Amino acid sequence: MSRDTASVTAAPPTTHGPRRGRLASWDVHGPLPHLLLGLTVLTGIVDAVSYIALGHVFVANMTGNVVLLGFALAGAPSLSIPASLTAIGLFLVGAALGGVLARRFGDHRGVLLRTSTAFVAAVLVVALVVALVAGDPVADGPRYVLIAVLAVPMGAQAAVARRIGVPDLTTAVLTMTLTGLAADSRLLGGPGGFGGPQGSGLRRVAAVAAMGAGALAGGLLVVHVAPAAALALALAVGVAVAVTAHRVATRPGASWATKG
């Protein structure tokens, strides 16, 4: 054996440490944080439609919706008990469906996200058709149809995001996300807003920004164009996330797919 051959044979194999992402460890969560941020934008858009155009009701943010239901029960004007109950009930139906999807596809988080987001996009097509037929403003009949149609996919999305389990990225709730930013403040002796697990501070800021951006975009379209325009944007976001999730889910050897 030549000296050159011996040196090559004896050389230790090249090893690589864990891949680090800006939002989370790539080896643990891969592209999932970015995809869930896209769904957070979608949530902001859909809740803008429901709150502004469908009579002050949320179809994704159930914390706010339960509070609005309490206000409505107290007799506050411009709030509807049936609308809030419809949203809560159909959200629970969607969450139950999301649980079924999580049990069926949960072994591969990429496939789970792809499947659930494809479902969300399909239902948004129905919502868009209803909104186009209903026009602006939305009458009572189509209003309840839209509340029901939108609450189901939002419940499913929330349940799937819970199963995927990327910290701070629930796609719907920001209370604990904002709490973490404040509680970890370096001014008060904490590790700092960007301390803690890798990318936690950036994830929290990005989640808040994504929800706010979606709400702003959806609100502008509802107020200045039509509810259908905002739903069309939400559909476009959902399709983009579903297509991207499909592409990453079909790549072999993705260690992040089975972690979390």
Top-ranked residue of the stretch 216-253 - restricted to ones that are without any contact (Cβ under 8 Å) to a residue 60 or more places away in the chain and within 16 Å of the chain's Cα centre (by Cα), ranked as farthest from LEU146 (Cα to Cα)
VAL243
Just to be sure before I move on: is PRO82 modelled with pLDDT of 95 or more, over 24 Å from THR175 (Cβ atoms) and more than 17 Å from the chain's Cα centre (by Cα) in the structure I sent?
yes
Could you check the stretch 54-67 and list, in sequence order, the residues that are surrounded by 24 or more Cβ atoms within 10 Å (Cβ to Cβ) and aliphatic (A, V, I, L, M)?
LEU54, VAL57, VAL59, ALA60
Quick check, is SER50 crowded, with 20+ Cβ neighbours inside 10 Å and in contact with a Leu (Cβ under 8 Å, 6 or more places away or on another chain)?
yes
Unique residue being farther than 14 Å from VAL41 by Cα and either at pLDDT 90 or above or crowded, with 20+ Cβ neighbours inside 10 Å (or both) when the list is GLY192, GLY199:
GLY199
Filter the stretch 153-172 down to the residues that are out of contact with any His (no Cβ under 6 Å at 6 or more places or on another chain), over 24 Å from VAL223 (Cα atoms) and β-branched (Val, Ile, Thr) and list them by number.
VAL160, ILE164, THR170
Unique residue being at pLDDT below 95, part of a helix (DSSP H, G or I) and in contact with a Lys or Arg (Cβ under 8 Å, 6 or more places away or on another chain) when the list is THR177, THR170:
THR177
When both residues are 6+ apart or on different chains and their Cβ atoms are under 6 Å apart, which pairs have a first residue that lies in the stretch 70-85 and is free of Cβ contacts under 8 Å to residues at least 60 places away in the same chain and under 14 Å from ARG143 (Cα atoms), and a second that is in a loop (DSSP other than H, G, I, E, B) and not charged (D, E, K, R)?
LEU79/HIS56; SER80/GLY55; SER84/VAL57
Filter the stretch 237-253 down to the residues that are over 27 Å from ALA215 (Cα atoms) and among the β-branched types (Val, Ile, Thr), then identify the one that is modelled with the highest pLDDT.
VAL248
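The values are calculated or read from the model by the stated rules, or taken from the named source; none is laboratory data. Keep in mind the model is a prediction, meaning the values are calculated, not measured. For neighbour counting, all protein chains shown are included, and Cβ atoms are generated from backbone atoms with ideal geometry for every residue, glycine included.
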